[in-house]
Structure formats: structure tokens, C-alpha cells
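Colleague: Would you mind keeping the following structure in view while I ask a few things?
The values are calculated or read from the model by the stated rules, or taken from the named source; none is laboratory data. Just so it is clear, the structure is predicted and the values come from calculations on it, not from any experiment. Cβ placement follows ideal geometry from the backbone for every residue including glycine, while neighbour counts extend to all protein chains displayed.
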Amino acid sequence: MKSLAIFWLLLSCHFSFSQLDTVTKQHPYKKSMLYSSILPGAGQVRNARLSEKKFKSAYWKVPLIYASLGTSAYFIYQNHISQNQVKQEYYNRLAGNSPSLTWENYDNLGLISLQKQYLNNRDLYILLTLAIYGVQIVDAGVEAHFLNFDISDDVSLKLQPMLNKNIAGVRLDFIFR
């Protein structure tokens, strides 16, 4: 088994040595996404520092990222502890001990069902944590794409009444710059 893993590792590694004559410039979204994948929220902070706008939109996102990751981690921990307590209660009952006060309302099948529910909830919160982690990486990349996006004050909308062949209507004009 160990030799198979080493063999697979050697096959999957590809080493190539080359020298580039030209320097390729990476798009800023790759670096922002890399920062966010290493440290959640770091890509958003990088985007805020690179932004030319006066309002730094990323600084309010970082506490939300950590609050959501922390909340889901808390529920992962609570569900894991609860399922361990239920499992221990079940094993104590199988050993012939009397039911504890916390779980006395459940029979053995109820304890098994409750443990499965806690395991399912724990797994769901693990998936939620991964989704939050992935969304914040994608958010850093999307925001980096819009770093140089021009939103000027010259965009306007005019609504004017009009008459065309004795039919009354409304004319809607969008003006860009």
C-alpha cells in the first residue's frame, strides 16, 4: 500500500524546467483569490487596498466572514459533542447502567436516531463551512475583477412624455457619459 502511494506520487509529479523570455503579468484576481484561500478575508483586504475608490467595501466583509465561519464551527463542535454524549449514553445502557437524567426520555432506538440526527447536522455544518469558505474566495476574485471598472457620475436616466402619431407614451433615455 505504501509503495503504491509512492508510485502514484511519482507518476503524478511533473517536473519541467524552462525559462521564459517574457514576463507575464497575472490578473489581480488570481492573487486575491490565493490570499483568501490562505487566510479568509485577506483577498478582500487586498482588494480594498488596491481600490482607487474612497469607500473601502471590503473591510466590512471580513468580520462577516469570520462571524459566519466561527458560527458554523461552533455548531460543528456542539453537534459533535452531543452525538458523543448520546453514543456514550447508549453504550452505558448496553452495559446495564441506568439512564441518565438528560436522556431518560429516550429508549435505545431513540438514542440511535438522535445520534444520527446529530451526525447529520454536524455534516451539514461542515458543508456549510466549506461553502462559506468557497464563497469568500470567489467574492475576492469577483471584486478584484471590478477594481478598474469605471462607474462615473455621468450615468443618468431621463423619463419624458412623448406623443407619436396621436398616441401618448413615455420616452426613457439612458445617458452614459
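Colleague: Which residues, taken from segment 89-118, are outside any loop (DSSP other than H, G, I, E, B) and loosely packed, with under 14 Cβ neighbours inside 10 Å?
Modeller: So the first thing to find is which residues in segment 89-118 are outside any loop (DSSP other than H, G, I, E, B), and the list is 89-94, 108-118.
Of everything in segment 89-118, those that are outside any loop (DSSP other than H, G, I, E, B) and loosely packed, with under 14 Cβ neighbours inside 10 Å turn out to be 91, 94, 108, 109, 110, 113, 116.
Yes or no, residue by residue, for (1) modelled with pLDDT of 95 or more; (2) of a type in the set (S, T, N, Q):
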site	(1), (2)
79	yes, yes
118	yes, no
124	yes, no
166	no, yes
176	no, no
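Colleague: Kindly check whether there is at least one residue in segment 112-122 that is touching a residue at least 60 places away in the same chain (Cβ under 8 Å) and either among the polar types (S, T, N, Q) or over 28 Å from residue 35 (Cβ atoms) (or both).
Modeller: Initially, segment 112-122 is screened for residues touching a residue at least 60 places away in the same chain (Cβ under 8 Å), giving none.
The answer is no; no qualifying residue exists.
Colleague: Surrounded by 12 or more Cβ atoms within 10 Å (Cβ to Cβ), modelled with pLDDT under 85 and among the polar types (S, T, N, Q): is that true of residue 51 in this structure?
Modeller: Numbers: surrounded by 12 or more Cβ atoms within 10 Å (Cβ to Cβ): yes; modelled with pLDDT under 85: yes; among the polar types (S, T, N, Q): yes.
So residue 51 fits the description; yes.
Colleague: Against the definition (touching a helix residue (DSSP H, G or I) at 6+ places or on another chain (Cβ under 8 Å) and either more than 25 Å from residue 126 (Cβ to Cβ) or at pLDDT 90 or above (or both)), how does residue 58 come out, yes or no?
Modeller: Details: touching a helix residue (DSSP H, G or I) at 6+ places or on another chain (Cβ under 8 Å): yes; either more than 25 Å from residue 126 (Cβ to Cβ) or at pLDDT 90 or above (or both): yes.
Here the answer is yes, as residue 58 does meet what is asked.
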